[in-house]
Amino acid sequence: MAFSSFQKRPKPKPLLLLFLFLFLFLFLASATVSWLSFSRLQPPITLPLSKLQLSNSSIPNAKPPPPPPSNSGPYHNWDLFSTDFHDMLYNLKIFIYPDASNSSSPFSSVFLPHPNPLDPKLGNYFSEHMFKTSLLRASSFLTPHPQDAHFFFMPFSINSLRNDPRVRTEASIAGFVAGYAEKIGREFGFWNASGGSDHFYLHCHSVGREAASRHRGLLNNAIQVTCSASYFQRFYVAHKDVGLPQVWPRPLERALNPPHARKRLVFFAGREKNSVVRQELIAAWANDTSMDIFSGNPPFPYEEGFRRSRYCLHVKGYEVNTARISDAMHYGCIPVIVSNHYDLPFNNVLDWSKFSIIFPNSEAEVDNSPNLGFT
């Protein structure tokens, strides 16, 4: 394809459109995970999210979401969000490179959507696989005409590469991804038109940060959509890269426990070896009968800890992100986020201070009384 044939395509819209697109897929792709269920509670910090009842078939005729009640809602600015969201529904177009549908490729498992993205064994990588599955299955955002696209999706899966014995290591994954970026630059030319600034790739595996390390354009220009969104980590560029919620496939909660039925003040269960703050809170609070604080797995079903607690701790371990935040929302527990440098998902749209409590590690001093501000 000649350079002139795609030089006339519309310039990429602001990165906000991609943020909003990902925001939409938080609801569409994670149908089994009820982030919206949090709004059915009336806890000390409320989150009356409006129900964005959208489907792929209804998007062409979609109307802006109705305004939330005054002085409520999790948004920084509802009017701006509603206007931009509506604009995205009508106008945003994404081109996916054809590797995502080429089943004859020797690396088809890396590019094709996962055959069962709801498999519980995917665990931390559910968001990565479900996003691609939902996007590929008749999304109205897709266009077969790359000259009309605002963004280009590079459909490789870091999780699949990590599990492929031919690749597996971080160095090999970085080499594979760099080779793929070179390949699409040679064969399509759209990468060359923008230097990769309108291309994006997505991952929830921690080794994904290293994936771009061997390709300068991929590292400096392409948009990395990642669950491990930390200002502190190398290879993550704030205001270019995008944080994605880490979500586990959980069954829909039919009814949430109201605050008065939650008999525990705080819940946390997790490994302590990767975090000094985790070690301190477990040492201080493990024997407090008003809380459920455990090193490792609790002695009851994990989800019960969220159901019966008012506050649920997300404390940074090896990475800034875990699925505990989405689990807390799913089960109606107020998230308490103790982490440095966490670029929270959709933070340009959502005002996290309205529905969660956030502490940097330096302010989360732990002693034998709960002095993180719980009441």
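The values are calculated or read from the model by the stated rules, or taken from the named source; none is laboratory data. This is a predicted model, so every value here is computed, not measured. When we count neighbours, we look across all protein chains shown, and the Cβ atoms used for this are built from the backbone with ideal geometry, even at glycine. Note: areas computed on protein heavy atoms with side chains; ligands, DNA, RNA excluded. Shrake-Rupley method; radii C 1.70, N 1.55, O 1.52, S 1.80 Å.
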If you add up the charges near Gln279, with Lys and Arg at +1 and Asp and Glu at -1, over every other residue whose beta carbon is less than 11 angstrom from its beta carbon, what do you get? +1
Show me the ranking of peptides 168-176, 102-110, 219-227 by mean Cβ neighbours inside 10 Å, starting with the highest. 219-227, 168-176, 102-110
Would you mind working out the magnitude of the charge dipole of region 146-216 relative to its Cα centre, with +1 at each Lys and Arg C-beta and -1 at each Asp and Glu C-beta, to the nearest 20 Debye? 260 debye
Answer in debye to the nearest 20: the dipole magnitude of region 112-253 about its Cα centre, from +1 Lys/Arg and -1 Asp/Glu charges placed on Cβ, is 280 debye
Taking only protein heavy atoms into account and a 1.4 Å probe, give the accessible area per residue of region 84-193 in Å². 41 Å²
Protein accessible area in region 75-147, 1.4 Å probe - carbon and sulfur %: 55 percent
Segments 247-256, 325-334, 204-213, 114-123 sorted - mean Cβ within 10 Å per residue, highest first: 325-334, 204-213, 247-256, 114-123
Quick note, region 80-189: a/c under 1.5 would make it rounded; otherwise a/b > b/c is prolate and the rest oblate (a ≥ b ≥ c, C-alpha gyration tensor); here it is oblate
How large is ³J(HN,Hα) for each residue in region 253-258, as worked out from phi by the Karplus curve 6.51 cos²θ - 1.76 cosθ + 1.60 (θ = phi - 60°), to whole Hz, x for Gly and Pro? 7, 6, 8, 9, 5, x
Leaving out ligands and nucleic acids, note down the accessible area per residue over region 207-310 with a 1.4 angstrom probe, in whole Å². 48 Å²
For region 193-351, give the percent of accessible area contributed by carbon and sulfur heavy atoms, probe 1.4 Å, rounded to a whole number. 48 percent
Given Pro249, Val277, Tyr201, which one lies farthest toward the positive end of the charge dipole of region 201-287, if we put +1 on the Cβ of every Lys and Arg and -1 on the Cβ of every Asp and Glu? Pro249
Charge tally in the Cβ shell below 12 Å around Arg262, where Lys, Arg are +1 and Asp, Glu are -1, Arg262 excluded: +3
Please state the relative contact order of region 235-375 as a whole percent: Cα pairs under 8 Å, 6+ residues apart? 27 percent
Count the net charge of all other residues whose Cβ sits under 10 Å from the Cβ of Ser213, scoring Lys and Arg as +1 and Asp and Glu as -1. +2
Region 279-321 to region 196-266: how many Å between their Cα centroids? 22 Å
